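See below for the structure under consideration.
We did not get these values from a lab; they are worked out from the coordinates using the rules stated. What you see is a predicted model; the values in this text were computed from it and never measured. Using ideal geometry, Cβ is built from the backbone for each residue, glycine included, and neighbour counts are taken over all protein chains shown.
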């Protein structure tokens, strides 16, 4: 399932934009590929990053993956529920398993991200 | 995607693919790493019963009047003198005491033996044994490609194995099998070996079968075990299960640059028996003081320590993590580390991707095995 309301990266992050802010997570494909996720580390609120920066870590029993920020901006919220209950990422990656909210500093960066159709093709769908 | 072309398969590969397993390359085989998920599979073995396809393991049969003494000369533990049906866990070492592999050796008859080695080391061990086999009195028969191996592990394993139609008249023998013993019996197309062994810390069995019998046995176990909630288990949960009870895994706690004394399996090294390869080096190491030890660590800071992460004590690099993951049973990140023998119990730091994360020593093993005794013995969790 690839929701049509948001944009995607080649590295399997998604961003759902609402005004000046975007909510960021990883896709169902990414969560499934990692397997049972048992540890999530997210950046500090107020820190600023460039597009593509590694801002967090997602670990399953077997593997470690970096979370890359799809756009430049300042972290304005992190999902403490997911750090406390990492299994939310496997259970609801596009909803309650969101990871950070970012205040976009370069909104034009969104244009180069994949839409749902292109991301679906990337997955071979 | 992992490239699976050209890999060996097992008689169960089609079953794994058809039942949603994620298949990965492992020691030259295409093997299932997980089905529904490592946490659910891990719990199934701890609480009920799980099936493992471990056909990739190597099976080298040895027989002849010279076999007993020859095997004793190759390995660290004592295999000679045991009764038929006895199974021995041992290391096979190089002359310098480094571990070539760890293995099980079965006495199947007065002069008939079975050596079961790791898949990743099979070629090396077959070559090593061939290179040391005496000119007369011992015959080696490497049947690794002809023998399938199914592990049935978990508190319900005894009942489940006893339900196999072919073993119906052997139920009492199955129930009477002591830990680390085995018996042979006629199967469908050839001999079966029913063994009270495993790699999970739970009550369990390993069934050695001719390839042609394996798929039917697996399917029968899945069908007859439905009321137990029998579950197929991939290599990922096999690793977390053995890790929690601190069973060594070659390539992690064991290797050619690690001696069995350092790896904490000194109980499988009989320095007082007649000469064996590596004995001199191990006697010398014991006398001089074993320089490294395995340490059980609980990560108390935030992070999961993985293999090769460095361990720091009072600012000094004292060793490295050999295995580390999130323990599904204890629900916290744990690690085994090979460190200098002098490192005291207490606090250390583990370098997790450039960050010093707090950890502290904890009791060995992380979780007590109940492979012996009551399959449902209540565990006191630390």
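Please rank A:83, B:76, B:277, fewest neighbouring Cβ atoms within 10 Å first, as an exposure proxy. Taking fewest neighbouring Cβ atoms as first place, the list is A:83, B:277, B:76.
At full extension, residue B:188 and residue B:123 could sit 20.5 nm farther apart than now, given 0.36 nm per residue minus the alpha carbon distance. The Rg/Rh ratio for the stretch B:173-213 is 1.00, where Rg is the radius of gyration of the alpha carbons and Rh is the Kirkwood radius. Available extension along the chain between residue B:314 and residue B:363 is 15.6 nm, counting 0.36 nm per residue and deducting the alpha carbon span.
Modelled this way, with points 7 Å down the Cα-to-C-beta line, the labels at residue B:18 and residue B:307 are 3.3 nm from one another.
Per residue, the average separation of C-alpha pairs within less than 8 Å and at least 6 apart gives the stretch A:7-107 a relative contact order of 32 percent. What the Cα atoms of the stretch A:7-107 give is an Rg and a Dmax of 12.2, 37 Å. Dimensions of the stretch B:58-142 from C-alpha coordinates, computed as largest minus smallest value along each principal axis and given longest first, are 29, 26, 22 Å.
For chain B, the relative contact order is 18 percent, taking Cα pairs closer than 8 Å that sit 6 or more residues apart in sequence and dividing their mean separation by the residue count.
The ranking of A:47, B:144 from fewest to most other beta carbons within 10 Å of each one's beta carbon is A:47, B:144. Here the stretch B:193-213 and the stretch A:73-125 have alpha carbon centers that stand 45 Å from each other. Taking label points 7 Å from Cα along the Cα-to-Cβ direction, residue B:347 and residue A:76 give a separation of 3.9 nm.
Between residue B:374 and residue B:84, the simple label model (points 7 Å from Cα in the Cβ direction) yields a spacing of 3.6 nm. Each part gets one Cα centre, and for the stretch B:87-103 versus the stretch A:13-52 those centres are 47 Å apart. For the stretch A:24-74, the relative contact order is 37 percent, taking Cα pairs closer than 8 Å that sit 6 or more residues apart in sequence and dividing their mean separation by the residue count.
The calculated Kirkwood hydrodynamic radius for chain B is 21.6 Å, given to one decimal from all distinct C-alpha pairs.
A Förster distance of 25 Å, applied to the separation of the beta-carbon atoms of residue A:32 and residue A:103, puts the FRET efficiency at 0.25. If you model the protein assembly as shown as an ellipsoid using its alpha carbon gyration tensor, with each semi-axis the square root of five times an eigenvalue, the axes come out at 45, 28, 20 Å, biggest first. The stretch B:258-322 and the stretch B:147-172 have Cα centres separated by 36 Å.
As a calculated quantity, the FRET efficiency between residue B:331 and residue B:135 at R0 = 56 Å, using C-beta atoms, amounts to about 0.50. Per-residue extension of 0.36 nm, minus the Cα-Cα distance of residue B:355 and residue B:40, leaves a gain of 110.3 nm for this segment.
Taking the stretch A:63-99 and a reference point 7 angstrom along Cα→Cβ of residue A:54, the backbone N atoms nearer than 16 Å belong to A:63-70. Which FRET efficiency value, to the nearest 0.05, do you get for residue B:256 and residue A:5 by plugging their Cβ-Cβ distance into 1/(1 + (r/R0)^6) with R0 = 56 Å? It comes to 0.55. Which shape class, rounded, prolate or oblate, goes with the stretch A:37-91 when its Cα gyration tensor gives a ≥ b ≥ c as root eigenvalues, a/c under 1.5 marks rounded, and past that a/b bigger than b/c marks prolate? Because a/c hits 1.5 or more and a/b fails to exceed b/c, the stretch A:37-91 counts as oblate.
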